[in-house]
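Enquirer: This is the structure, below, for whatever I ask next.
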Amino acid sequence: MSGRLLLPAIVLAWFAAGPPPPVSGQEPPSAVRMIADEGAGAGYWPRWRGPSGQGLAAGSGYADRWSPTENILWKTPVPGSGNSSPIVWADRIFLTTAYEGGRKLTLLAYRRSDGRLLWEAPAPQGPTDRGAHYKNGHASSTPATDGQRIYVSFGPRGLFAFDFGGKLVWQRDLGPMDAYHGSAGSPLLYRDRIILYQDQYDGAFIAAFDTRTGQQLWRTRRNAGAGWGTPIAVRVGGRDEVIVNSQQWVHAYDPATGRELWRCSGTTYEVIPTPVVGYGLVFCSSGRAGPTLAIRPGGSGDVTRTHLAWTSPRGSPFVPSPILYGSQLYMVNDMASIVTSLDAQTGKALFQGRLGVARREGFSASPVAVDGKVFFTNDEGETFVLRAGPSFELLHVNDMGERTLASPALVDGRWYIRTERNLYAAGR
């Protein structure tokens with residue numbers, strides 16, 4: 001994509017293959033990989049779940065302990081309300097917020113070096129989500145950036161592109177939306193287009209828009225009544241696929257045309273987690289009380305009988321996404337506060353362990369992994385730090401003392417954490 005500088009080949013190779021595993025056993029070369037950010041974007045956190053799209057941070061030297069008084073580099077208030085996660089490019093942090101019950105929606109820009117609020121860009125007036133869930137709100141979709149523009153989905157208000165000075169470049173009406181609990185999925189930046197989907201009782205769709213002009217490139221009707229997820233893009237052999245983890249089916253689409261390539265059944269009704277990729281498989285955790293599926297992409301039509309490598313009924317999350325780190329898939333069941341790790345290649349359960357006190361729907365943030373550790377943050381602002389490996393080893397718990405539903409961003413040895421009221425930079 002234009003405007004992106006080339007980084008050394010070792011950085012690109014890191015994101016193509018995934019991080020080095022924290023335990024013995026390197027993931028073998030695979031014909032399937034997540035399409036990760038390249039160039040300058042690989043060094044920042046430009047979208048939901050970072051440049052890898054899987055919650056994996058580059059580099060090392062990140063603090064693994066913090067509190068309101070320990071390892072906090074700066075703290076700044078966030079106006080309004082919202083659960084979108086921060087994204088980072090150069091010396092800028094972007095996130096969204098809502099005021100007046102969603103009647104006013106804005107994009108915020110902070111200076112990464114000191115947390116100063118630089119500008120606030122409002123979206124033009126328009127429709128507002130009604131009946132948003134208390135864990136959703138009106139600003140839950142995480143923006144994406146290519147270093148030139150910031151792309152923001154505000155559900156029924158539309159899709160927007162802003163420049164780095166906060167000027168509105170274009171806006172696009174997405175059509176009627178009436179999703180119960182409101183809209184929430186984040187846009188996927190794929191080459192020269194933004195791809196997003198909206199599942200709802202009437203008019204569910206997946207669509208692609210030109211990043212330069214906002215022109216709709218294609219729109220495909222979907223048959224799914226509920227879901228709040230984010231698509232991913234994978235390279236399978238010689239073709240790319242956009243994969244949607246959704247109600248009763250996982251679907252793959254051609255990113256050039258929107259044509260459905262394949263579908264696999266096995267998910268349940270309400271599906272939120274974003275898939276992760278490795279070992280030639282796409283791992284899709286189903287919604288409330290559902291299984292986790294390991295699917296070999298690259299098929300055609302209904303691939304349930306031919307490309308479903310394994311399924312596991314244990315430990316699947318409702319809201320948080322899973323994370324693949326080394327040879328293990330980690331998940332937290334937010335209904336029971338139990339973390340589960342599976343062998344990624346076989347689906348064999350390696351361990352389960354409780355993270356603090358069980359709370360109904362106690363986790364919303366998706367986990368991240370770095371420096372041989374996996375981090376799970378619950379809604380109360382407690383981050384549980386696990387040593388990555390085949391046994392359950394809880395190292396310690398970091399308590400920010402503030403409600404936290406957003407996922408963190410990790411860049412250059414620093415954590416950027418959005419709580420209910422503040423934005424923090426944590427590091428040594």
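The values are calculated or read from the model by the stated rules, or taken from the named source; none is laboratory data. As the structure is a computational prediction, the values presented were derived from the model and not from experiment. Cβ atoms come from the backbone with ideal geometry, glycine included; neighbour counts cover every protein chain shown.
Enquirer: Considering each residue of the range 282-304, count those that are assigned to a loop (DSSP other than H, G, I, E, B), crowded, with 18+ Cβ neighbours inside 10 Å and in contact with a Ser or Thr (Cβ under 9 Å, 6 or more places away or on another chain), and give that number.
Expert: Total meeting the criteria: 6.
Enquirer: Can you find even one residue in the range 272-281 that is outside any strand (DSSP E or B), hydrophobic (A, V, I, L, M, F, W, C) and buried (at least 22 other Cβ atoms within 10 Å of the Cβ)?
Expert: Checked against the condition, which is being outside any strand (DSSP E or B), hydrophobic (A, V, I, L, M, F, W, C) and buried (at least 22 other Cβ atoms within 10 Å of the Cβ), the range 272-281 yields at least one hit.
Enquirer: Which condition number in (1) of a type in the set (A, V, I, L, M, F, W, C); (2) surrounded by fewer than 24 Cβ atoms within 10 Å (Cβ to Cβ); (3) modelled with pLDDT of 90 or more is the one that Val319 fails?
Expert: Exception for Val319: condition (2).
Enquirer: Residues in the range 261-316 that are hydroxyl-bearing (Ser, Thr, Tyr), modelled with pLDDT under 95 and more than 19 Å from Ala349 (Cβ to Cβ): how many?
Expert: Residues that pass the stated criteria total 3.
Enquirer: Residues that are basic (Lys, Arg) and over 24 Å from Ile195 (Cβ atoms): which strands (runs of 3 or more DSSP E) entirely in the range 87-141 hold 2 or more of them?
Expert: Those strands (runs of 3 or more DSSP E) span 104-111.
Enquirer: If a residue must be over 20 Å from the mean Cα position of the chain (by Cα) and surrounded by 15 or more Cβ atoms within 10 Å (Cβ to Cβ), how many such residues does the range 120-136 contain?
Expert: 5
Enquirer: Only strands (runs of 3 or more DSSP E) wholly contained in the range 371-428 count here; list those with 3 or more residues that are buried (at least 21 other Cβ atoms within 10 Å of the Cβ).
Expert: 373-377, 382-387, 409-411, 414-418, 422-426
Enquirer: If you scan the range 186-207, which residues turn out to be more than 23 Å from Pro86 (Cα to Cα) and not polar (S, T, N, Q)?
Expert: Within the range 186-207, Asp199, Tyr201, Asp202, Gly203, Ala204, Phe205, Ile206, Ala207 meet the criteria.
Enquirer: Still on this structure: Looking at the structure I just gave you, is Tyr151 exposed (fewer than 15 other Cβ atoms within 10 Å of the Cβ) and under 20 Å from the mean Cα position of the chain (by Cα)?
Expert: no
Enquirer: If you check Phe154, Phe164, Phe160, which single one turns out to be under 21 Å from Phe209 (Cβ atoms), modelled with pLDDT under 95, among the aromatic types (Phe, Trp, Tyr) and out of contact with any Asp or Glu (no Cβ under 6 Å at 6 or more places or on another chain)?
Expert: Phe154
Enquirer: Answer with yes or no whether Ser341 is under 30 Å from Pro79 (Cβ atoms) and surrounded by 24 or more Cβ atoms within 10 Å (Cβ to Cβ).
Expert: When the stated conditions are applied, Ser341 does not pass them.
Enquirer: OK, next. Condition first: among the small types (Gly, Ala, Ser), in a strand (DSSP E or B) and either closer than 14 Å to Ser186 by Cβ or without any contact (Cβ under 8 Å) to a residue 12 or more places away in the chain (or both). Now tell me which residues in the range 222-253 satisfy that.
Expert: Result: Ala233, single match.
Enquirer: Under 21 Å from Lys75 (Cβ atoms) and in contact with a strand residue (DSSP E or B) (Cβ under 9 Å, 6 or more places away or on another chain) - does that describe any residue in the range 386-395?
Expert: Scanning the range 386-395 turns up no residue that is under 21 Å from Lys75 (Cβ atoms) and in contact with a strand residue (DSSP E or B) (Cβ under 9 Å, 6 or more places away or on another chain).
Enquirer: Could you count how many residues in the range 351-370 are surrounded by fewer than 23 Cβ atoms within 10 Å (Cβ to Cβ), of a type outside the set (Val, Ile, Thr) and part of a loop (DSSP other than H, G, I, E, B)?
Expert: Qualifying residue count, the range 351-370: 6.
Enquirer: Within the range 66-86, can you find the residues that are among the small types (Gly, Ala, Ser) and buried (at least 19 other Cβ atoms within 10 Å of the Cβ)?
Expert: Across the range 66-86, the qualifying residues are Gly82, Ser84, Ser85.
Enquirer: So, one more: Give the residue, chosen from Glu27, Glu38, that is of a type outside the set (Lys, Arg), surrounded by fewer than 19 Cβ atoms within 10 Å (Cβ to Cβ), at pLDDT below 95 and touching a Lys or Arg at 6+ places or on another chain (Cβ under 9 Å).
Expert: Glu38
Enquirer: Which residues, taken from the range 173-216, are without any contact (Cβ under 8 Å) to a residue 40 or more places away in the chain and not in a loop (DSSP other than H, G, I, E, B)?
Expert: Correct list: Phe205, Asp210.
Enquirer: Looking for whichever is touching a Ser or Thr at 6+ places or on another chain (Cβ under 7 Å), modelled with pLDDT of 95 or more and among the aliphatic types (A, V, I, L, M) here; the options are Leu324, Leu342. Which one fits?
Expert: Within the list Leu324, Leu342, the selection yields Leu342.
Enquirer: Mind checking which pairs have a first residue in the range 124-143 that is at pLDDT 75 or above and of a type outside the set (Ser, Thr, Tyr) and a second that is exposed (fewer than 14 other Cβ atoms within 10 Å of the Cβ) and outside any loop (DSSP other than H, G, I, E, B), Cβ under 8 Å, 6 or more apart or different chains?
Expert: So the pair list comes out as His138/Gly101.
Enquirer: Let me ask you something else. Test each condition in (1) surrounded by fewer than 21 Cβ atoms within 10 Å (Cβ to Cβ); (2) at pLDDT below 95; (3) outside any loop (DSSP other than H, G, I, E, B) for Trp170 and report the one that comes out false.
Expert: (2)
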